[in-house]
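All of the numbers you see were taken from the coordinates with simple rules; none came from a lab. Just so it is clear, the structure is predicted and the values come from calculations on it, not from any experiment. Note that each Cβ is placed from the backbone with ideal geometry, even for glycine, and that neighbours are counted across all protein chains shown.
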Amino acid sequence: MSSVTGFPSTPLQDRTVDLSGPRLAGTWQKIAVTTWAVVFLVSLLSCALSLAAINIWDRVPAAELPRYFSTMDQASIADKSSFQSEILSMGFSLAGFAFLLTFFRAAGSVVLFLLSALMVRRFAGRLIAVLFAVLLAVMGASGVWNNPLFPWASALAPWMEFPNQVLNLLLWMGVVMLYTFPEGRFTPRWTVILAILLIPLALSIAFDLQIFFNPNTWPDPLPFLPNLLFIGTAFFSVLLRYSRADLARKGQISSYTLGISLLLVLYFILDGLDFISTVKGAPLFQGNPAAILFTLVSEPLWFTLEIVFAILVGRSFFQKRMLQE
């Protein structure tokens, strides 16, 4: 049927944003899937070592920890002993405290690893899907973004230091994924400038290079700014991209945007608390009891939202068909 102007009317699906992205086939598909498999296995190993190390740290009495962490000195043993005494005084056993936190950490990681594997199994011919699956695997190994688990694996297995640095680099470069996901184009276009600036910053953070681009060399509270700039603009780009898409009005990507929103909002809350503490010049949660309560609330909440994030994103891909097959 023609419109009143005499031109053929355009079906709704033709006006939607192209969410297919570049396709893979043949050798390129094999290279992409092999790369994902390597990152997936390294991430899985890093996650297992990290969870084992931090479980030991939470569960084993302070006096016995030097058997596992040889760099501990008497001062750190005393601090840890005081922390554990507070845990016991609050009615927890060390084993119970460790089990609770390990359960949530492991659950959040397992769900992300599972979604990563399902993404590749279903969409191995889509470059953007394979790249997103790589990011999901790295997220599964990292735990909380502003306090990643990578150093714990290195503490238990020093030979994991370089692989963990690479994983940390990939985690930061995941911001570029958010700038371009899912059609493979930078939206808004000016985010390509931020992506270029992110490269030296991510390299300096991941490999602890003592150069200007490393925020850890900046005076407080400036180290907080890269999180606000890069993660904040990544969140903005996701919302802007889908606010312009007809698919958003059809509800096909609402699960994805909601999942991203929940996780990033909590990220900024946790990072913002650190920022407030820095500005005040003193820890926001004074004393071990407050620190323990904060850990018992923030970590289970974070990993619970990671599980919700994975379910919503999976729903967008597999039920709502964000990527056309």
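Cβ crowding within 10 Å, taken as a proxy for footprinting-reagent exposure, orders Glu183, Glu64 from fewest neighbours to most as Glu64, Glu183. Counting only Cα atoms, the size of segment 30-97 along its three principal axes is 55, 27, 14 Å, in decreasing order. Counted by neighbouring Cβ atoms within 10 Å, the residues Ser116, Ser76, Ser82 run from fewest to most as Ser82, Ser76, Ser116. With a Förster radius of 30 Å applied to the beta-carbon distance between Trp28 and Ser76, the computed FRET efficiency rounds to 0.05.
Footprinting exposure proxy ranking of Thr27, Thr295, Thr233, fewest other C-beta atoms within 10 angstrom first, gives Thr27, Thr295, Thr233.
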